[in-house]
1. Evaluate the charge dipole of the chain about its Cα centre and quote only its size in Debye, nearest 20, assuming +1 on the Cβ of each Lys and Arg and -1 on the Cβ of each Asp and Glu.
2. Within the range 11-46, find all residues whose amide N lies under 14 Å from a label point positioned 7 Å from the Cα of VAL71 along Cα-to-beta-carbon.
3. Peptides 39-48, 75-84: what's the order by average Cβ count within 10 Å, highest mean first?
4. So how much slack lies between LYS99 and ASP80, counting 0.36 nm per residue of separation and subtracting their Cα-Cα distance, in nm?
5. Roll a 1.4 angstrom probe over the protein heavy atoms and tell me the percent of accessible area of the chain that is carbon or sulfur.
6. So, in Å, what gap is there between the alpha-carbon centers of the range 45-99 and the range 1-18?
7. Compute the angle between helix 30-52 and the longest alpha-carbon principal axis of the chain, please, reported from 0 to 90 degrees and rounded to the nearest 10.
8. For the chain, what is the largest minus smallest coordinate of the Cα atoms on each principal axis, given in angstrom and ordered from greatest to least?
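The values are calculated or read from the model by the stated rules, or taken from the named source; none is laboratory data. Quick caveat, the model's predicted, so the values are computed rather than measured. Cβ atoms come from the backbone with ideal geometry, glycine included; neighbour counts cover every protein chain shown. Just so you know, the surface numbers come from the protein's heavy atoms only, side chains and all, with ligands and any DNA or RNA stripped out. Shrake-Rupley method; radii C 1.70, N 1.55, O 1.52, S 1.80 Å.
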Amino acid sequence: LMGATGGYISGFILTALLYCIITKLFGSSAKAKAVGLISGLTACYLFGTLWYTIVYIESTSPQRFLSALTVCVVPFIVPDAIKIAVAILISHKLSAVLK
């Protein structure tokens with residue numbers, strides 16, 4: 001957890017917290033779930049990238065931060081977007097079946 005990727009692992013807690021807060025405030029519609037998951041993932045990306053720049057690069061300069069984003073976030077944006085869409089679809093279908 002104290003290594004270069006520890007911030008992303010810890011960032012999952014932020015993802016869950018933001019998702020819970022947003023869905024409690026705005027309900028469990030697909031739009032609210034999407035906003036919650038995207039907000040949480042953005043917070044995870046931000047926290048993880050900041051952690052990475054501090055631990056691995058040992059600098060928080062804007063240039064270092066942008067290069068860390070390029071390496072640590074950009075390759076995961078499309079797969080994570082697909083996972084969010086699938087999660088929302090599955091949760092919508094399951095909630096209809098479980099009611």
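1. 480
2. none
3. Result, highest mean Cβ count within 10 Å first: 39-48, 75-84.
4. Here the answer is 4.0 nm.
5. About 75 percent, which is the carbon plus sulfur part of the accessible surface.
6. The two parts, judged by their Cα centres, are 10 Å apart.
7. Approximately 20 degrees, to the nearest ten.
8. Its Cα atoms span 51, 23, 22 Å along the three principal axes.
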